[in-house]
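Chemist: One structure coming up, written as structure tokens, with questions to follow.
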Amino acid sequence: MSSPTNNDDSSKIMKLKTQDNQTFEVEESILTNQLKLLKIMAEDDCTHDVIPVPNVDGKTFAMITEWCKKHDNPCVTEEEQNELQKWDDSFVDVDQSTLLSLLLATNYLECDKLFNQLCDKAASMIRGKQPEEIRETFNITNDFTPEEEAEIKNQNPWAFQ
């Protein structure tokens, strides 16, 4: 495993390098508690050197690290849980580009809890909208011909109510 910064095993440092060559040094336990990919690497003793994280940019990795640190200690009281929920709600309230980057990165790093929170956010952005509104919201080009679209609407009228 990576060398400890002191005699305490709990403070081992992981060094990671993102796709844009930003290097991060983070306590191993903080990352491995939330990111399954890095936990597997640590268990397989693959964390000696700098770990490349080719599918994640520095800005996104910094956000994920911040989230991991915030979720490192379990909430004991209901007040702590409510505060963390408020923080989480604020954390996922980002622009679409950042949301997409976070979704892709958390999927790659296997950070299930954050991935699910981000999916909930994306779902809330489309809930109750018509297909045209969803396309506009997410800048999606309609690749159906008018005939194909009419056929789909006739076959699935419930989806267009």
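Chemist: Given all pairs of different Cα atoms, what value in angstroms does the Kirkwood hydrodynamic radius of segment 77-122 take? Numbers along the way, then the final one.
Modeler: Details: mean 1/r = 0.0906 Å⁻¹.
Evaluated on segment 77-122, it is 11.0 Å.
Chemist: Restricting the calculation to Cα positions, tell me the Rg (one decimal) and the Dmax (whole number) of segment 21-64 in Å.
Modeler: Expressed in Å, the Cα Rg and Dmax of segment 21-64 come to 10.2, 27.
Chemist: While we're here: How big is the gap, in Å, between the Cα center of segment 11-57 and the Cα center of segment 63-80?
Modeler: 19 Å
Chemist: At q = 0.17, 0.19, 0.22 Å⁻¹, what base-10 log of I(q)/I(0) does the Debye formula yield for segment 70-161 when every alpha carbon is treated as an equal point scatterer in vacuo?
Modeler: After summing over all Cα pairs, the log10 values are -0.86, -0.97, -1.13.
Chemist: Could you tell me the convex hull volume per residue, in Å³, taken over the Cα atoms of the chain? Provide the component values of the computation, followed by the final result.
Modeler: Values: hull volume 24.6 nm³, N = 161.
Dividing the Cα hull volume of the chain by its residues yields 153 Å³.
Chemist: Where the accessible area of the chain is counted over protein heavy atoms with a 1.4 Å probe, how much of it, in %, is carbon and sulfur?
Modeler: Roughly 48 percent of what the probe reaches on the chain is carbon or sulfur.
Chemist: Same structure again: Restricting to the chain, compute how many DSSP beta bridges are antiparallel as a %, nearest 5. Walk me through the numbers on the way to the answer.
Modeler: Values: 6 of 9 bridges.
Of those bridges, close to 65 percent are antiparallel.
Chemist: Turning to a different aspect of this structure: Order the peptides 64-76, 98-110 from the highest to the lowest mean number of other Cβ atoms within 10 Å of their residues. Don't skip to the answer; put the middle values down first.
Modeler: On the way: 64-76: 15.1, 98-110: 18.7.
In descending order of packing, they fall as 98-110, 64-76.
The values are calculated or read from the model by the stated rules, or taken from the named source; none is laboratory data. Worth saying up front: this structure is predicted, and the values here are computed from it rather than measured. Ideal geometry is used to build each Cβ from the backbone, glycine not excepted, and the neighbour counts take in all protein chains shown. Surface areas here come from the heavy atoms of the whole protein model, side chains and all, with no ligands, DNA or RNA. Shrake-Rupley method; radii C 1.70, N 1.55, O 1.52, S 1.80 Å.
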